[in-house]
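One structure is given below, encoded as structure tokens.
The values are calculated or read from the model by the stated rules, or taken from the named source; none is laboratory data. In this text, all values refer to a predicted model and were calculated from it rather than measured experimentally. No Cβ is skipped: glycine too gets one built from the backbone with ideal geometry, and neighbour counts run over all protein chains shown.
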Amino acid sequence: MQEMQQMFTISPVLILAAGFVAAILLIVIGFREKSDYSSKVRLIRTGGILLGLMMIATGLTWFGYLASTSSTPLTFEDVVILTLVSSIGGLISGISRYMPINQ
């Protein structure tokens, strides 16, 4: 029987960092856009929504890491922190979706 070996691993931290970089890049490109107003609005809103989703994903990744590696049970403070980070991410996504953007 042949044995399969894993050649490389993908770090969740690098995936999260790439998501944050992409969100910030979309927002910066959107604010620098001068000629096309609809493109400017689309880039800024997409970057804001992605930023909020990355905040939520970061909190859930942190929670999953603690739940799988910790020998002690998670405390109430951990759940409160997860809830706050997820709420902030949802607020960022919601505000960026409906925020008026000046021409």
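Go through segment 88-103 and give me each residue that's assigned to a loop (DSSP other than H, G, I, E, B) and in contact (Cβ under 8 Å) with a residue 12 or more places away in the chain. Hits for segment 88-103 are MET99, ILE101, GLN103.
The residue of segment 1-45 that is surrounded by the most Cβ atoms within 10 Å (Cβ to Cβ), among those that are modelled with pLDDT under 90 and under 24 Å from THR58 (Cα atoms), is PRO12.
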